[in-house]
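Since the structure comes first, as structure tokens, the remarks are kept for the end.
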Amino acid sequence: MEKKITTVREPARDIPVRASADILIVGGGPAGLMAAQAAAGEGLKVMLIESRGYLGGNLTIGLPILGFLGQKGNQIIEGLPQRFIDRLQERGAASGHRPCKLHVSLTIIDPEESKTLAQQLMEEAGVEVLMYVFCTDVIREGNEVKGVVIESKAGREAILARTVIDCTGDADVAFRAGVECRKGDAEGGMQPPTLMFSMRGVATQRLRDAIAEHPDIYDMDIMPAESFRNEKFITVGLRNQIAKAREAGIDLPVARTILITGMSEDEIWVNMSRVNGVDPTDPGSYTRGEIEARKQVYRIRKYLRQFVPGFENAWMDRVAPFMGIRESRVTVGKYVLTAEDILACRHFDDAIAVASYPVDLHHPKGGDCTLEYCGDCYDIPYRVLVPEKVENLLVAGRCASFTHEAMASTRVMSTCMALGEAAGRAARIALRDGVKPSQADVAKLRSELKRTGAYLR
């Protein structure tokens with residue numbers, strides 16, 4: 001029997017240097033876009049690399065942005081994230097921020113316009129963008145990352161940088177730089193991803209009226225306010241309808257119907273697919289998840305058309321280009337934010353962002369999510385962006401330094417955008433002062449954030 005080959009030896013080789021930058025941002029999602037804008041200026045060369053053929057990440061998959069407002073109704077995410085919304089609103093591609101009992105606040109955005117605006121903002125800021133490349137390794141010397149290794153159809157190349165900001169969402173740079181990383185709960189279980197899709201031709205007013213007028217039939221987790229009749233909404237419930245669908249033989253992955261209005265009156269985005277056991281850092285697992293999620297989408301569509309008022313003549317319009325990942329790797333930084341910090345509404349002297357979204361834990365093994373509210377808002381300290389033992393690397397977005405439970409709060413896009421802005425400004429300030437980002441003057445950073453419109457307590 002022929003021995004199974006489990007490894008091959010890659011020959012040593014020199015790889016070409018494609019580019020050099022003062023600040024390199026890896027990942028063009030919500031955090032990366034804000035980091036690139038905040039880092040640009042003062043004559044620095046800022047570069048952003050992205051694995052897909054467009055920028056925006058989770059901004060482009062049909063999700064609303066949650067958490068611009070705090071639990072008391074005040075706006076707590078401002079600065080560059082708010083200016084992104086302002087620009088979308090100028091072209092009719094975003095709603096205002098509306099309080100939401102379950103999700104604190106809701107901001108609807110148009111996915112395609114978000115892609116277009118993201119690219120325009122990079123051009124306006126003078127950020128060099130390179131797409132269709134994966135970061136597959138880092139160049140590390142001592143306690144510094146000197147650059148990253150990328151793979152593309154052009155082969156294996158290097159991009160050198162004085163400072164690197166990891167906005168991959170999966171801690172790809174930090175992990176390859178040897179930073180301690182963790183995944184999921186105590187058993188390694190991660191929150192399940194969702195594949196969003198939209199339906200058009202929905203008789204939205206019929207849906208609104210049915211839910212508002214017949215709560216005995218169309219049961220909701222929280223009955224919507226009167227504004228539900230004519231404003232943007234997320235509605236969660238209709239458990240009775242799902243039970244009926246299951247009795248009729250439709251296999252549905254969740255016990256709740258989650259519907260979100262789009263920018264058009266007849267457009268509803270659906271957040272109901274769930275694939276448990278997916279590890280987004282394992283391509284085999286990720287592939288299985290995408291395949292299963294697409295099968296779920298068609299079953300969910302059948303359910304909506306047969307059992308939910310207003311969907312009788314609706315058709316599937318768009319399926320998101322990729323699953324929305326709730327959780328993968330997180331880093332261990334100079335401080336690890338915990339759920340206890342969140343629920344205690346903790347203040348930090350080195351706070352660089354404020355958040356208020358609840359600890360919204362979608363359980364790795366399935367079942368309903370659990371929500372724990374802090375009652376107000378909490379600080380996020382600069383130290384969660386600073387990994388241990390690597391002096392010129394910052395990590396922003398959902399893969400910064402959080403526990404499994406804390407990340408269930410900080411993962412929402414508004415918070416990730418605020419962390420990206422803080423990381424970008426910190427990188428630029430540190431270079432200007434001639435220090436590493438790990439030694440950045442946080443007082444200067446906080447002052448600049450406030451001066452440029454960010455909200456800090």
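The values are calculated or read from the model by the stated rules, or taken from the named source; none is laboratory data. Keep in mind the model is a prediction, meaning the values are calculated, not measured. Note: ideal-geometry Cβ built from the backbone for every residue, glycine included; neighbour counts use all protein chains shown. These accessible areas exclude ligands, DNA and RNA; they are computed on the full protein's heavy atoms, side chains included. Shrake-Rupley method; radii C 1.70, N 1.55, O 1.52, S 1.80 Å.
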Full extension between residue 217 and residue 149 adds, at 0.36 nm per residue less the Cα distance, a length in nm of 18.8 nm
Candidate cut points under trypsin sites (Lys or Arg not before Pro) in region 4-78, DSSP loop plus at most 13 other Cβ atoms within 10 Å of their own Cβ, are 4, 9, 13, 72
Taking a ≥ b ≥ c as the square roots of the Cα gyration tensor eigenvalues, with a/c under 1.5 meaning rounded and otherwise prolate when a/b beats b/c or oblate if not, region 354-411 comes out oblate
Set 244/302; 115/183; 146/436, cut-off 18 Å on Cα-Cα distance; pairs above it are 115/183
Rounded to the nearest Å, the spacing of the alpha-carbon centers of region 4-54 and region 336-415 is 25
Full extension between residue 226 and residue 72 adds, at 0.36 nm per residue less the Cα distance, a length in nm of 53.5 nm
Shape call for region 89-157, from the Cα gyration tensor axes a ≥ b ≥ c (a/c under 1.5 means rounded, otherwise prolate when a/b beats b/c, else oblate), comes out prolate
The extension gain from residue 365 to residue 42, computed as 0.36 nm times the residue separation minus the Cα-Cα distance, is 111.4 nm
Row for region 1-67, column shape: gyration tensor on C-alpha, a ≥ b ≥ c, rounded if a/c < 1.5 i.e. under 1.5, prolate if a/b over b/c, else oblate; value oblate
Sorted largest first, the Cα spans of region 385-430 on the principal axes come out in Å as 30, 23, 8
Taking the chain, the equivalent ellipsoid from its C-alpha gyration tensor has semi-axes in Å, biggest first, of 37, 26, 20
A 1.4 Å probe over the protein heavy atoms gives region 324-407 a carbon and sulfur accessible-area percentage of 49
At R0 = 41 Å the Cβ-Cβ FRET efficiency linking residue 299 and residue 344, nearest 0.05, sits at 0.50
Cross-link reach from residue 389 to aspartates and glutamates, straight Cα distance under 12 Å and at least 8 residues apart if same chain, gives 141, 144, 180
What helix-only [θ] at 222 nm does the chain give? Using -39500 (n - 2.57) per DSSP H run of at least 4, over all residues, to the nearest 500, the answer is -8500 deg cm²/dmol
For region 243-300, listing GluC sites (Glu not before Pro) in a DSSP loop whose Cβ sees at most 12 other Cβ atoms within 10 Å gives 265
Straight-line reach check, residue 72, cutoff 30 Å on alpha carbons, 8 or more apart in-chain or any other chain, hits among lysines -> 101, 232, 444, 450
dims of region 125-177, Cα set, principal axes, largest to smallest, nearest Å -> 29, 28, 21
For residue 80, the accessible surface traced by a 1.4 Å probe with all protein chains present amounts, in square angstrom to the nearest 10, to 20
